[in-house]
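The structure appears below as structure tokens.
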Amino acid sequence: MKIEINNEQLILEAAEAEFLEKGYKNTPTTAIAKRAGVTHAMLHYYYRTKENLFRKVFMNKVRLLGEGIGQRIDESLSFEETVRKLIEAHFDFIRQNPRLVNFILTEVVHNAENKRILIDELHSKLFGIFERFDKVLISEVLRGKIKPIKTIDLLVNIISMNVMTFNILPILADVIPAFPSEHFDNLLDERKESIVQFTLNALRV
């Protein structure tokens with residue numbers, strides 16, 4: 001049993017690495033099996049198809065994202081604290097999974113089947129969180145505590161700033177000669193706090 005569990009996990013980890021490095025289309029199951037150190041027949045036994053593997057990888061990532069955000073959004077928190085936790089949870093998720101962003105953009109947005117898989121998983125894991133946050137935001141607007149804004153607009157703003165941070169900063173680190181690479185983690189921490197403050201200042205009346 002332990003060997004079976006180990007093999008199944010090895011295949012899943014190899015699939016994730018291959019998908020993120022090469023893309024869904026350019027990743028044959030034979031490459032996944034080789035990376036996992038198992039036979040192709042064994043991969044087929046556990047997961048049957050490449051689509052099943054892809055879905056499993058995505059389910060795990062979306063689950064981690066949903067749990068990370070859900071655990072930080074507490075009804076006892078103030079609105080500003082909720083916004084901070086939301087930004088930080090999303091930022092930290094990208095920080096821990098930097099290659100996932102480009103993978104989503106290239107493999108999901110332009111592929112109808114992959115997009116459906118992602119939407120199904122996001123809806124099941126994150127819709128409840130979205131509903132709770134939407135109620136809090138509407139309440140704050142009605143009380144005159146923040147400027148009128150739709151929840152979807154606020155979320156798009158947050159996602160855009162977080163994602164672009166991880167697309168732009170590595171480029172700047174390469175093109176600026178004096179850029180202290182050893183301080184990159186500190187720069188990310190500063191950027192995260194900057195996004196929090198920028199968002200809250202834009203919402204305040």
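The values are calculated or read from the model by the stated rules, or taken from the named source; none is laboratory data. Since this is a predicted model, take the numbers as computed values, not measurements. Heads up, the Cβs are rebuilt from the backbone with ideal geometry, glycines too, and the neighbour counts pull from every protein chain shown.
Observations on the model:
- Among (1) under 30 Å from SER194 (Cα atoms); (2) free of Cβ contacts under 8 Å to residues at least 24 places away in the same chain - the single one THR39 does not satisfy: (1)
- Of all residue pairs spaced 6 or more apart or on separate chains, those with beta-carbon atoms under 8 Å, a first member in the range 186-202 that is over 22 Å from PRO170 (Cα atoms) and a second member that is among the hydrophobic types (A, V, I, L, M, F, W, C) and crowded, with 17+ Cβ neighbours inside 10 Å are THR199/VAL83; THR199/ILE87; THR199/LEU154; THR199/ILE158; THR199/MET161; LEU200/VAL83.
- VAL141 vs. criteria surrounded by 11 or more Cβ atoms within 10 Å (Cβ to Cβ), assigned by TED's automatic domain parsing to the domain that holds LYS85 and touching a residue at least 60 places away in the same chain (Cβ under 8 Å): no
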